[in-house]
Amino acid sequence: MAITSNASGSALDAVKATVDVLVADEVASRIAAKDFTLWGKEAEAESSIRLGWVSSATESLELVDGILALRDEFRAKGITRFVLCGMGGSSLAPEVITNKYNVPLVVLDSTNPDQVREVVSESIETTAIIVSSKSGSTVETDSQKRIFEQAFTAAGIDKTDRIVIVTDPGSPMEAAAKADGYRIFNADPTVGGRYSALTAFGLVPSGLAGVNIKGLLEEAIEAAALLATDVESNPGLVLGAAMARTANGSSYKDKLGLIADPVSLPGFGDWAEQLIAESTGKHSKGVLPLVLDDKSHETLANLPDVLLANVSAANIDVNVDGLSLSAPLGAQFMIWEYATVVASRLLGINPFDQPDVESAKIAARGMLEQRAEIVPATFVDGSIEIRSLALELSGTDVSSAIKQLFAELAADGYIAIHAYMNRNAGFDVHQLREATAKSTNRPTTFGWAPRFLHSTGQYHKGGPRQGVFLQLVAKSDEDLAVPGRDFTFGELIASQAAGDAKVLADLGRPVLTLTLNIPAEDFATILRSIG
């Protein structure tokens, strides 16, 4: 297996200045030995129970036969469509894996009523679903499970024949699944969600959909042997050193542009984004990942605080002031996990906790309880409602509101766009992100909501307070009840948007919320206003 990593320019300077110390401290071999003292005394309680990912590829081999047997059982019954209900780490790895192998998998990682309704109503007779939740208490996943249970029952299908549960042992979801008679795959509880690509969370959906998961694990196992060695060429050490130490003058490049080859590693940036952001973004420190392509504004603009990384599963020779990494997908998972915990050690951060994720969940629950109290719009422009928090608006139209949000950007700032919309409705979010980056000449991230709350949301709240936030919330023509609950999907996603906005504003970050009552037309208006 060919693995090549290269650093050039300022990234190479960072590697030369840092990697020999990592080698001398035996960081690579200590990670492989699951030495939980690497991240300091304060991190030990968490790191001591979160290093299972180091050996997950080997230990997950025992899952393969059971997954493939269930796949064959489903095929024999004529079940050809698989839907994954999961958020964050539970959905991003399977999405990348199935994209890489060109295997169809429907990923439902939203609470948007239109998106949920479309996924549930299609081909229910030939559908099986995988419900994945590490905690077993994720409200989005529980809501999705409930509506699929209702759909199977209405179609005269035994839900226990079509629903597979992936969760940690001892979770509330496991207890309920046992009582209901569902098939259960337990994941390793010593592996955090964002490090779980090579556990049951990544393997069950991918294997059922038709991926050669044994081959994927074998790639990772081979890479793990290389990553355990204390040598200066170790790609995990090289990448981690560059991520944490690449400087521009006296300041660090604290934003990482991920340029994944769309042919050999389609969508890989989305997985790496959540790993890096949620692991490093805390205590006002961190590395902000940006999912880019080779023509993105940030790729070409030579921004002083952005380090570029080209990632591929094929041999690449890209001349950038930054990084290039070529390795098969299974190896890429392992390399980036090593690199992220190495960078965290250099930054003085515990890579295994997520102290700020819960704040948005608490705020969303509060908003859900008070959902009858609709906050009036600051003003309305056509069919777009405009609201703001920690941001004074003086105009009366969308264009001026966006300009005032962008005016809040500091020299080291970034824009985060969060779309509480139907991901499958054809919105040109790439154009929106690109127009924003060009308009401001600043790094711009985009996240589908609410899934980003389980990944990059940690960085936005716990990392450096540099962000300004644009929320797009699409109204649905028809809401959708969550079976057995006293709220709807529309109320849930609205509360998640409002809750996150409140938490960000309480941290002093400006938030502009644009509610799209006619989504297609209003999205076009927003694009024109930015471009």
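Suppose every Lys and Arg Cβ carries +1 and every Asp and Glu Cβ carries -1, with no other charges. What dipole size does the chain come out with about its Cα centre, to the nearest 20 debye?
Working: 44 positive and 67 negative charges, 62 e Å.
That gives the chain a dipole magnitude of about 300 debye.
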**Item:** Amide H partners (placed H, <5 Å) of Ser264, local residues excluded
**Value:** Ala313
**Asked** Local charge sum around Gly426 (other residues, Cβ-Cβ under 13 Å, Lys/Arg +1, Asp/Glu -1)?
**Response** -2
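Taking 26 Å as the cut-off for C-alpha to C-alpha distance, list the pairs among Lys159/Lys475; Lys16/Lys41; Lys100/Lys159; Lys100/Lys214 that go past it.
Lys159/Lys475; Lys16/Lys41; Lys100/Lys159
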**Asked** What does the charge count near Thr378 come to, summing +1 for each Lys or Arg and -1 for each Asp or Glu among other residues with Cβ under 13 Å from its Cβ?
**Response** -3
**Request:** Quick one: which residues, 5 or more positions from Leu84 or on another chain, have an amide H under 5 Å from its amide H? H modelled 1.01 Å from N in the peptide plane, none for Pro or chain starts.
**Result:** Val106, Val107, Leu108, Ile130
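Across every pair of different alpha-carbon atoms, what Kirkwood hydrodynamic radius in Å does region 357-530 reach?
Final number for the Kirkwood radius of region 357-530 is 16.2 Å.
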**Item:** Of Gly426, Leu514, His460, farthest towards positive along the dipole that unit charges on Lys, Arg, Asp, Glu beta carbons give region 397-531
**Value:** His460
**Asked** Cross-link list Lys361/Lys502; Lys134/Lys361; Lys145/Lys178; Lys438/Lys461: which exceed 19 angstrom alpha carbon to alpha carbon?
**Response** Lys438/Lys461
**Item:** Debye log10 I(q)/I(0) for region 258-327, one point scatterer per Cα, at q = 0.11 Å⁻¹
**Value:** -0.26
**Prompt:** If you place +1 on the Cβ of every Lys and Arg, -1 on the Cβ of every Asp and Glu, and leave all else neutral, what size is the dipole of region 352-418 about its Cα centre, to the nearest 20 Debye?
**Reply:** 180
**Complete:** In whole percents, the bins of 5 Å from zero upward hold the Cα-Cα pairs of region 76-136 as 4, 17, 26, 25, 20, 7, 1
**Fill in**
For region 382-476, whose charge dipole is built from +1 on Lys and Arg Cβ atoms and -1 on Asp and Glu Cβ atoms, the candidate among Pro450, Gly413, Ser399 with its Cα farthest towards the positive end is Pro450
**Asked** Given a Förster radius of 41 Å and the C-beta distance between Asp158 and Ser48 as r, what FRET efficiency does 1/(1 + (r/R0)^6) yield to the nearest 0.05?
**Response** 0.45
**Which of Ala260, Ile276, Leu105, positive extreme of dipole for the chain (C-beta unit charges)** = Ile276
**Message:** What's the ranking of 357-364, 216-223 by average number of surrounding C-beta atoms within 10 Å, highest first?
**Reply:** 216-223, 357-364
**Asked** If region 313-458 were replaced by its equivalent ellipsoid, with semi-axes equal to the square roots of 5 times the Cα gyration tensor eigenvalues, what would those be, largest first, whole Å?
**Response** 34, 22, 17
**Coordinate range along principal axes, alpha carbons of region 492-531, Å, largest first** = 31, 25, 8
**Message:** Under 5 Å between amide hydrogens, which residues at least 5 positions from Val291 or on another chain qualify, with H placed 1.01 Å from N in the peptide plane?
**Reply:** Leu258, Phe446
**Value of [θ]222 nm, deg cm²/dmol, for the chain, DSSP H segments ≥ 4, -39500 (n - 2.57) each, nearest 500** = -13500 deg cm²/dmol
**Complete:** Listed with the fewest Cβ neighbours within 10 Å leading, Phe36, Phe148 appear as Phe36, Phe148
**Item:** Helical segments meeting 20 Å axial Cα length and Kyte-Doolittle 0.5 threshold in the chain (DSSP H)
**Value:** 9-24, 213-227, 329-347
**Fill in**
Most packed first (mean Cβ within 10 Å per residue), the peptides 293-306, 48-61 order as 48-61, 293-306
**Complete:** Here the averaged projected area of the chain, based on the convex hull of its alpha-carbon atoms and given in nm², is 22.4
**Request:** Would you kindly derive the ³J(HN,Hα) couplings of region 442-458 from the backbone phi angles with the Karplus curve 6.51 cos²θ - 1.76 cosθ + 1.60 (θ = phi - 60°), listing them in order in whole Hz, with x for Gly and Pro?
**Result:** 10, x, 10, 10, 10, x, 6, 10, x, 5, 5, 4, 8, 9, 5, x, 4
**Prompt:** With +1 on each Lys and Arg Cβ and -1 on each Asp and Glu Cβ, how big is the dipole of region 357-530 about its Cα centre, in debye rounded to the nearest 20?
**Reply:** 580
**Asked** Taking every pair of alpha-carbon atoms in region 75-222, what share in percent sits in each 5 Å bin, from 0 to the bin with the longest distance?
**Response** 2, 10, 21, 24, 22, 14, 6, 2, 0, 0
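Coordinate-derived values only; no laboratory data. Computed from a predicted structure; not experimentally measured. Neighbour counts are summed over all protein chains in view; Cβ atoms, including those assigned to glycine, are modelled from backbone coordinates with ideal geometry.
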